[in-house]
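Novice: This structure is in structure tokens; I'll ask about it shortly.
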Amino acid sequence: MSRPAERLRVIINHLDRPSAGIRAAPTSAQTVSYGHPQRLRYTLDNDLLTPEQRLFYEENGFLLIRNLVSKQDIDRFRREFERICRQEIKVPGLVVMRDVAIAKSEFVPDQRAVSKLQDFQEDPELFRYCSLPEILKYVECFIGPNIMAMHTMLINKPPDAGKKTSRHPMHQDLHYFPFRPVDRIVCAWTAMETVNRQNGCLVVLPGSHKGTLQEHDYPEWEGGVNKMYHGVRDYDPEHPRVHLEMEKGDTVFFHPLLIHGSGMNQTQGFRKAISCHYASGDCYYIDVKGTTQENIEKEVKEIVARKYAVGDEVTFKDTWAIRGRLVQGERISM
Ligand SMILES: CC(C)CC(=O)SCCNC(=O)CCNC(=O)[C@H](O)C(C)(C)COP(=O)(O)OP(=O)(O)OC[C@H]1O[C@@H](n2cnc3c(N)ncnc32)[C@H](O)[C@@H]1OP(=O)(O)O
Ligand SMILES: Nc1ncnc2c1ncn2[C@@H]1O[C@H](COP(=O)(O)OP(=O)(O)OP(=O)(O)O)[C@@H](O)[C@H]1O
Ligand SMILES: O=C(O)CCC(=O)C(=O)O
Ligand SMILES: [Fe+2]
Ligand SMILES: [Mg+2]
């Protein structure tokens, strides 16, 4: 069977069978619907993904593309990150986060004090990542041609200080996002070096994107939890999971309902990854009042109020609309 259209037809038939692909057992709170009328729901017609890749994303909620971003680009992102850590440049809006284990110790201008950069949309060098054509051509397969970069991060997972605070609890990224529709949002996450179980690779629950948004809160971890690291409340440790071991430049695209987290860093190195969450330019904002997302809305508003000395006039929606940047096509309703 050689023609893609023919292979796709065979795959669509395959999707009708409840046993298709890796299907993790649903957790109690999740509902999994078999034989969805719109069988290819999570990917759009495109000339890039093979039918097998489309099926894989449909069934599992993520797609790993090896060696997508060049070593040269990654080395440039790393150098820019180091300049920011040394405080050689100041980037408007950038959030420099320290691990909670060292949050109250004296600041040293070095990568050892930085666990994560958030919101680097005003740093042209780092933001180049979000506009890379090799990334955008995949993003388009999931969310279409109008592409907004909504959320940017460079994660520098530190060696664990002994309290397991370097872990990221299992969560769904949609918890943080007051925009929809959910299937027109995707994350690109690129390893900046070898990422494995030792230094805390991503851990995903395949198929969990077919469930609904779960209630999130701080996990009850003895050693403490980083600010805003909410986790799925009733996380089922028996649910099958996959550790995504990746090499420098490998990139995973994943759905915002995919339950994922990362383990502790048991090495002495700082595990680096760069990521961007994209949404379609015709997504729309929602009011999260009365939903499980109210708790994160409250926290975000408190941080913004403290940082910028503003009150209730800045809404959760505003905090996203201000950060979002168009990278391809048209900005319609975002
Ligand atoms: C899909 C995606 C969105 C998923 C995620 O990314 S989940 C993680 C989201 N994380 C974030 O959005 C970043 C949150 N972090 C921040 O906004 C900042 O790092 C802050 C926690 C507000 C601290 O920033 P800043 O105020 O500049 O730093 P300060 O050193 O002055 O500390 C102020 C007070 O915050 C505390 N703090 C700092 N870092 C952490 C931490 N990692 N975890 C818990 N508490 C922390 C710090 O101890 C200090 O507390 P007090 O002295 O006021 O009691
Ligand atoms: N008690 C817990 N509650 C919620 N999430 C947890 C808990 N313990 C670990 N996790 C999460 O599970 C994921 C994997 O963590 P971790 O690497 O420790 O797991 P692991 O499967 O034991 O891997 P390894 O054996 O390679 O260390 C991370 O997202 C982590 O935050
Ligand atoms: O790089 C990691 O550890 C994962 C981070 C993550 O999932 C997130 O910030 O939403
Ligand atoms: Fe995440
Ligand atoms: Mg472990």
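Novice: Any residue at all in the stretch 164-180 that is of a type in the set (Lys, Arg), touching a Ser or Thr at 6+ places or on another chain (Cβ under 9 Å) and either free of Cβ contacts under 8 Å to residues at least 12 places away in the same chain or within 11 Å of ligand 2 (Cβ to nearest atom) (or both)?
Specialist: Checked against the condition, which is being of a type in the set (Lys, Arg), touching a Ser or Thr at 6+ places or on another chain (Cβ under 9 Å) and either free of Cβ contacts under 8 Å to residues at least 12 places away in the same chain or within 11 Å of ligand 2 (Cβ to nearest atom) (or both), the stretch 164-180 yields at least one hit.
Novice: For the stretch 60-157, list the strands (runs of 3 or more DSSP E) that sit wholly inside it and hold at least 1 residues that are touching a His at 6+ places or on another chain (Cβ under 9 Å), surrounded by 21 or more Cβ atoms within 10 Å (Cβ to Cβ) and touching a residue at least 12 places away in the same chain (Cβ under 8 Å); which are they?
Specialist: Ranges flagged: 62-65, 147-157.
Novice: Identify the residue in the stretch 304-329 that is of a type outside the set (Gly, Ala, Ser) and loosely packed, with under 14 Cβ neighbours inside 10 Å and, among all such residues, is nearest to residue 257 (Cα to Cα).
Specialist: Only one residue tops the list, namely 322.
Novice: Answer with yes or no whether residue 270 is among the aromatic types (Phe, Trp, Tyr) and farther than 30 Å from residue 110 by Cβ.
Specialist: Criteria not met by residue 270.
Novice: State whether the residues of the stretch 250-268 include one that is of a type in the set (Phe, Trp, Tyr) and surrounded by 19 or more Cβ atoms within 10 Å (Cβ to Cβ).
Specialist: Within the stretch 250-268, one or more residues are of a type in the set (Phe, Trp, Tyr) and surrounded by 19 or more Cβ atoms within 10 Å (Cβ to Cβ).
Yes/no matrix, rows are residues, columns are (1) outside any strand (DSSP E or B); (2) touching a helix residue (DSSP H, G or I) at 6+ places or on another chain (Cβ under 9 Å); (3) of a type outside the set (Val, Ile, Thr); (4) within 16 Å of ligand 2 (Cβ to nearest atom):
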{"position": "279", "(1), (2), (3), (4)": "no, yes, yes, no"}
{"position": "307", "(1), (2), (3), (4)": "yes, no, yes, no"}
{"position": "314", "(1), (2), (3), (4)": "yes, yes, no, no"}
{"position": "319", "(1), (2), (3), (4)": "yes, yes, no, no"}
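Novice: Kindly indicate whether residue 211 is buried (at least 17 other Cβ atoms within 10 Å of the Cβ) and farther than 30 Å from residue 79 by Cβ.
Specialist: So residue 211 passes the test.
Novice: So which residues in the stretch 158-171 are touching a strand residue (DSSP E or B) at 6+ places or on another chain (Cβ under 6 Å) and either under 23 Å from residue 298 (Cα atoms) or of a type in the set (D, E, K, R) (or both), if there are any at all?
Specialist: 168, 169, 170, 171
Novice: Please enumerate the residues belonging to the stretch 245-273 that are in a strand (DSSP E or B), away from ligand 2 (no atom under 16 Å from the Cβ) and of a type in the set (Phe, Trp, Tyr).
Specialist: Scanning the stretch 245-273 gives a single hit, 253.
Novice: Any chance you could count how many residues in the stretch 163-198 are surrounded by fewer than 23 Cβ atoms within 10 Å (Cβ to Cβ) and small (Gly, Ala, Ser)?
Specialist: So the count comes out to 0.
Novice: Filtering the stretch 232-245 down to residues that are surrounded by fewer than 23 Cβ atoms within 10 Å (Cβ to Cβ) and over 14 Å from residue 62 (Cα atoms), which residue is nearest to ligand 5 (Cβ to nearest atom)?
Specialist: The selected residue is 237.
Novice: Okay, next question. Being in contact with a helix residue (DSSP H, G or I) (Cβ under 8 Å, 6 or more places away or on another chain) and within 16 Å of ligand 4 (Cβ to nearest atom) narrows it down to one residue among 182, 232, 252; which is it?
Specialist: Within the list 182, 232, 252, the selection yields 182.
Novice: Quick one: count up the residues across the stretch 241-296 that are within 18 Å of the chain's Cα centre (by Cα) and without any contact (Cβ under 8 Å) to a residue 24 or more places away in the chain.
Specialist: 0
Novice: Among the listed residues 174, 244, which satisfies the condition of being on the phi < 0 side of the Ramachandran plot, touching a strand residue (DSSP E or B) at 6+ places or on another chain (Cβ under 8 Å) and within 12 Å of ligand 4 (Cβ to nearest atom)?
Specialist: One residue alone meets the criteria, 174.
Novice: Just to be sure I understand, how many residues within the stretch 242-280 are among the basic types (Lys, Arg) and away from ligand 3 (no atom under 14 Å from the Cβ)?
Specialist: Here the count works out to 1.
No value in this document is a laboratory result; all are computed from the given coordinates. None of these values were measured; they are calculated from a predicted model. Note: ideal-geometry Cβ built from the backbone for every residue, glycine included; neighbour counts use all protein chains shown.
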